[in-house]
1. Give the number of residues within the range 17-39 that are small (Gly, Ala, Ser) and outside any helix (DSSP H, G or I).
2. Kindly indicate whether any position in the range 40-54 is in contact with an Asp or Glu (Cβ under 9 Å, 6 or more places away or on another chain), without any contact (Cβ under 8 Å) to a residue 40 or more places away in the chain and in a loop (DSSP other than H, G, I, E, B).
3. Go through (1) over 19 Å from residue 73 (Cβ atoms); (2) surrounded by fewer than 14 Cβ atoms within 10 Å (Cβ to Cβ) and name the single condition residue 45 misses.
4. Any idea which of (1) modelled with pLDDT under 95; (2) out of contact with any strand residue (DSSP E or B) (no Cβ under 7 Å at 6 or more places or on another chain); (3) open to solvent by 30 Å² or more (accessible area, probe 1.4 Å) is the one residue 9 doesn't satisfy?
5. Is it the case that residue 65 is touching a His at 6+ places or on another chain (Cβ under 8 Å) and touching a residue at least 24 places away in the same chain (Cβ under 8 Å)?
6. Going through 14, 64 one at a time, which residue ends up being in a strand (DSSP E or B) and either modelled with pLDDT under 95 or surrounded by 15 or more Cβ atoms within 10 Å (Cβ to Cβ) (or both)?
7. In the range 73-86, how many are assigned to a loop (DSSP other than H, G, I, E, B) and under 16 Å from residue 10 (Cβ atoms)?
8. Regarding residue 77, is this residue of a type outside the set (A, V, I, L, M), open to solvent by 50 Å² or more (accessible area, probe 1.4 Å) and in contact (Cβ under 8 Å) with a residue 60 or more places away in the chain?
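The values are calculated or read from the model by the stated rules, or taken from the named source; none is laboratory data. Treat the numbers as computed from the prediction; the structure is a model and nothing was measured. Every residue, glycine as well, gets a Cβ built from its backbone with ideal geometry; the counts of neighbours run over all protein chains shown. These area figures cover heavy atoms from the full protein model, side chains too; ligands, DNA and RNA do not enter into them. Shrake-Rupley method; radii C 1.70, N 1.55, O 1.52, S 1.80 Å.
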Amino acid sequence: MCVQCYKLASDEARHKILTLLKGNALNVSEITERLHVKQPKVSHHLKLLAKAGLVRIKKEGRMRRYALELDSECFSECGLLKGLKD
C-alpha cells in the first residue's frame, strides 16, 4: 500500500494539494487560487486523491470542502503525513 501512496503523492501538484490540506479544509477555488493552477486540473487531482482515500469530501450546500483523511492507511501506517511540509 505504501508504494501506491507515495506514487500518488509524488506528483508535484498532488503533493502541493496534500500540503495545503494538511492545515485546513479547502474548496476547489481556494486551492486553485493558492496554487495558481486551473480548476479542472485541481478537480482531477482531488478526484484521484479522494478515490485513493487520502482526501475526504464534505458537502456544504453546493460547495465541497476537501480535507486530509487522517485515518487513511497512507498516513497512519506509511508515514506519508510526515513527508508533507508544515
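1. Start the filter on the range 17-39 by keeping residues that are small (Gly, Ala, Ser), which leaves 23, 25, 29.
Add one more test, that the residue is outside any helix (DSSP H, G or I), and what stays is 25.
Qualifying residue count for the region: 1.
2. Within the range 40-54 (the criterion being in contact with an Asp or Glu (Cβ under 9 Å, 6 or more places away or on another chain), without any contact (Cβ under 8 Å) to a residue 40 or more places away in the chain and in a loop (DSSP other than H, G, I, E, B)), the answer is yes, since at least one residue qualifies.
3. All conditions are met except number (2).
4. (3)
5. Working: touching a His at 6+ places or on another chain (Cβ under 8 Å): no; touching a residue at least 24 places away in the same chain (Cβ under 8 Å): yes.
Answer is no for this residue.
6. After ruling out the rest, the residue left standing is 64.
7. So in the range 73-86, the residues assigned to a loop (DSSP other than H, G, I, E, B) come out as 77-79, 84-86.
Those left that are additionally under 16 Å from residue 10 (Cβ atoms): 78-79, 84-85.
Residues flagged as assigned to a loop (DSSP other than H, G, I, E, B) and under 16 Å from residue 10 (Cβ atoms) within the range 73-86 amount to 4.
8. Here the answer is yes, as residue 77 does meet what is asked.
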